[in-house]
Amino acid sequence: MIKVLVTGGAGFIGSNFVRHALSTHGDWEVTTLDKLTYAGRLENLKDVMDNPRHAFVKGDVADPTAAGPLVAESEIVVHFAAETHVDRSIAGAGEFIMTDVYGTFVLLEAARQAPSLRRFVQISTDEVYGSVADGSSRETDELRPRNPYSASKAGADRLAYSYWATYGVPVIVTRASNNYGPNQFPEKVIPLFITNAIDNVPVPLYGDGLNERDWLHVSDHCQALDLLIDAGVSGEVYNIGGGNQVRNVDLTRSILQLLDKPESLIRPVADRLGHDRRYSLDTSRLRRLGWTPRISFDMGLAQTVAWYAQNEWWWRPIKDADPAFRTYYESQYGSRDA
Ligand code: NAD
Ligand code: TYD
């Protein structure tokens, strides 16, 4: 059996990857290491909690006593664990430095000593390139992160690379664009807007709504990671993008249309500080390895809207009953006039 460690596997992308990995690879034994922050939820793993090839460990990647022994026994490490929300990083960056940078350092130190390790996947992000006025970012482009989240991810991205260049740790770095799909925490724009609209609550659109993101369905992301674990070359960076450039205002209108809700639900609010205008990825390096996204944005968005409509059990406890989420929502949006 091949031992695989997935950090952050109770979060959005990590849990989708754990499910993908167990159903695709009958010879993988997957351990999820997750601290269960506000964004980590065991409900995301409920389909695999009884699977004999899956184990869940609650722990912090920045704690060597929790993370070290798990890395030491692994052949493959896929490192998703991070603080991930830009707006929270603007409100306070400390946890981002502790988990995204220091936590990655702890894992890499353990990886240096791991006898059977053949792949360490550092999950980075297209946000490390910063805002791109036109064209698409290539893996060799300069990194110009502009908010505390993307800066902490850029630090981890280059730290992982340095452990390949210096110590030969078999690192690849992946930089994915904005993901969407089932199990995404309803602070991010797509699940927030879908669940607000279901409840006829206004959707807070930042600034002029003309910022653009390149949307990638989470299952296409998982397929790409699976391919890269074997086909990726250590020391290399791989962009993973869906090729779906969408302006936020158009995304918002599509969500409202799919739910048959009026555009009067759009509430223009003050812009995010330092809001990156546009991200766009050149994915030719990955495509040369045979990957291509399978889910069109129209189909993926319709499926995602349907998932949130059919799975209120998953998000209502967060949005309606979790006092921490209410406090967060109030502080972000309470008095945020345009
Ligand atoms: P998420 O916020 O949904 O989940 C993060 C998970 O990490 C949670 O389960 C949380 O409990 C766990 N975690 C946080 N701190 C931890 C710690 N110290 N120790 C152990 N576990 C910890 O995030 P996501 O959207 O699934 O993103 C996963 C990864 O993908 C992140 O590294 C993120 O930077 C990257 N990424 C995300 C996107 C996106 O659009 N969501 C795009 C590109 C890259
Ligand atoms: P988000 O989902 O937070 O992802 P990221 O900042 O990592 O790209 O935001 C996606 C886009 O949606 C971004 O341009 C900010 C915008 N946005 C809003 O307009 N309103 C919101 O309430 C949120 C959370 C985001």
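Restricting the range 1-27 to residues that are free of Cβ contacts under 8 Å to residues at least 40 places away in the same chain and open to solvent by less than 30 Å² (accessible area, probe 1.4 Å) leaves a set whose member that is nearest to Trp313 (Cα to Cα) is Val18.
Of everything listed in (1) over 19 Å from Leu228 (Cβ atoms); (2) in a helix (DSSP H, G or I); (3) open to solvent by less than 10 Å² (accessible area, probe 1.4 Å), the single unmet condition for Thr166 is (3).
Would you mind stating whether Glu109 is more than 22 Å from Leu227 (Cβ to Cβ), open to solvent by less than 30 Å² (accessible area, probe 1.4 Å) and assigned to a helix (DSSP H, G or I)? Write out each step before concluding.
Numbers: more than 22 Å from Leu227 (Cβ to Cβ): yes; open to solvent by less than 30 Å² (accessible area, probe 1.4 Å): no; assigned to a helix (DSSP H, G or I): yes.
Against the criterion (more than 22 Å from Leu227 (Cβ to Cβ), open to solvent by less than 30 Å² (accessible area, probe 1.4 Å) and assigned to a helix (DSSP H, G or I)), Glu109 does not qualify.
Checking each residue in the range 241-287 for being aliphatic (A, V, I, L, M), away from ligand 1 (no atom under 16 Å from the Cβ) and touching a strand residue (DSSP E or B) at 6+ places or on another chain (Cβ under 6 Å) picks out Leu265, Ile266, Val269. Scanning the range 42-88 for residues that are under 16 Å from Phe185 (Cα atoms) and assigned to a helix (DSSP H, G or I) turns up Leu42, Glu43, Asn44, Leu45, Val86, Asp87, Arg88. The residues in the range 1-26 that are more than 11 Å from ligand 1 (Cβ to nearest atom) and in a helix (DSSP H, G or I) can be counted, and the count is 6.
Return a yes/no flag: does the range 279-287 have any residue that is more than 30 Å from Ala160 (Cα to Cα) and open to solvent by 40 Å² or more (accessible area, probe 1.4 Å).
So far as the range 279-287 goes, no, none of its residues is more than 30 Å from Ala160 (Cα to Cα) and open to solvent by 40 Å² or more (accessible area, probe 1.4 Å).
Somewhere in the range 80-90, is a residue in contact with a strand residue (DSSP E or B) (Cβ under 6 Å, 6 or more places away or on another chain) and open to solvent by 30 Å² or more (accessible area, probe 1.4 Å)? Give the steps one after another, and end with the answer.
Taking the range 80-90 first, the residues in contact with a strand residue (DSSP E or B) (Cβ under 6 Å, 6 or more places away or on another chain) are 80-81.
Next, from what is left, pick out any that are open to solvent by 30 Å² or more (accessible area, probe 1.4 Å): none.
Within the range 80-90, not a single residue is in contact with a strand residue (DSSP E or B) (Cβ under 6 Å, 6 or more places away or on another chain) and open to solvent by 30 Å² or more (accessible area, probe 1.4 Å).
Close contacts from the range 188-210, counting a first residue that is over 18 Å from Val246 (Cβ atoms) and open to solvent by 10 Å² or more (accessible area, probe 1.4 Å) and a second that is more than 7 Å from ligand 2 (Cβ to nearest atom) and assigned to a loop (DSSP other than H, G, I, E, B), with Cβ to Cβ under 9 Å and a gap of 6+ residues or different chains, come to Ile198/Leu259; Ile198/Lys261; Asp199/Asp320; Asn200/Lys261. Any chance the range 83-102 includes a residue that's away from ligand 2 (no atom under 16 Å from the Cβ) and touching a Phe, Trp or Tyr at 6+ places or on another chain (Cβ under 6 Å)? Scanning the range 83-102, I find no residue that is away from ligand 2 (no atom under 16 Å from the Cβ) and touching a Phe, Trp or Tyr at 6+ places or on another chain (Cβ under 6 Å), so the answer is no. Taking (1) more than 30 Å from Glu109 (Cβ to Cβ); (2) within 10 Å of ligand 2 (Cβ to nearest atom) in turn, Asn179 satisfies each apart from (1). Only a single item in (1) closer than 16 Å to Asp100 by Cα; (2) near ligand 1 (Cβ under 9 Å from one of its atoms) is not met by Lys188, and it is number (1).
Condition first: aliphatic (A, V, I, L, M) and either over 25 Å from Met98 (Cα atoms) or within 15 Å of ligand 2 (Cβ to nearest atom) (or both). Now tell me which residues in the range 127-160 satisfy that. Give the steps one after another, and end with the answer.
Of all residues in the range 127-160, those aliphatic (A, V, I, L, M) come to 128, 132-133, 143, 151, 154, 156, 159-160.
Answer for the range 127-160, where residues must be aliphatic (A, V, I, L, M) and either over 25 Å from Met98 (Cα atoms) or within 15 Å of ligand 2 (Cβ to nearest atom) (or both): Val128, Val132, Ala133, Ala151, Ala154.
Only residues that are surrounded by 17 or more Cβ atoms within 10 Å (Cβ to Cβ) and closer than 30 Å to Met1 by Cα were counted in the range 112-140, giving 8. Mind counting the residues in the range 112-126 that are within 16 Å of ligand 2 (Cβ to nearest atom) and either in a loop (DSSP other than H, G, I, E, B) or hydroxyl-bearing (Ser, Thr, Tyr) (or both)? Number satisfying all stated conditions: 2. Scanning the range 214-253 for residues that are farther than 30 Å from Asn196 by Cα and within 16 Å of ligand 2 (Cβ to nearest atom) gives a single hit, Asn239. Check whether at least one residue in the range 92-102 is surrounded by fewer than 17 Cβ atoms within 10 Å (Cβ to Cβ) and more than 15 Å from ligand 1 (Cβ to nearest atom), and report yes or no. No, because not a single residue in the range 92-102 is surrounded by fewer than 17 Cβ atoms within 10 Å (Cβ to Cβ) and more than 15 Å from ligand 1 (Cβ to nearest atom).
Write out, first by first residue and then by second, each pair whose Cβ atoms fall under 7 Å of each other, whose residues are 6+ apart or on separate chains, and whose first residue, in the range 322-338, is open to solvent by less than 90 Å² (accessible area, probe 1.4 Å) while the second is in a helix (DSSP H, G or I) and not polar (S, T, N, Q). Sorted first by the residue in the range 322-338, then by its partner, the pairs are Phe325/Ile318; Phe325/Lys319; Gln332/Asp87.
The values are calculated or read from the model by the stated rules, or taken from the named source; none is laboratory data. Please read these numbers as outputs of a predicted model, since none were measured by experiment. Neighbour counts run over all protein chains shown; Cβ positions are idealised from the backbone, glycine included. Ligands, DNA and RNA are excluded from the accessible area calculation, which covers all protein heavy atoms including side chains. Shrake-Rupley method; radii C 1.70, N 1.55, O 1.52, S 1.80 Å.
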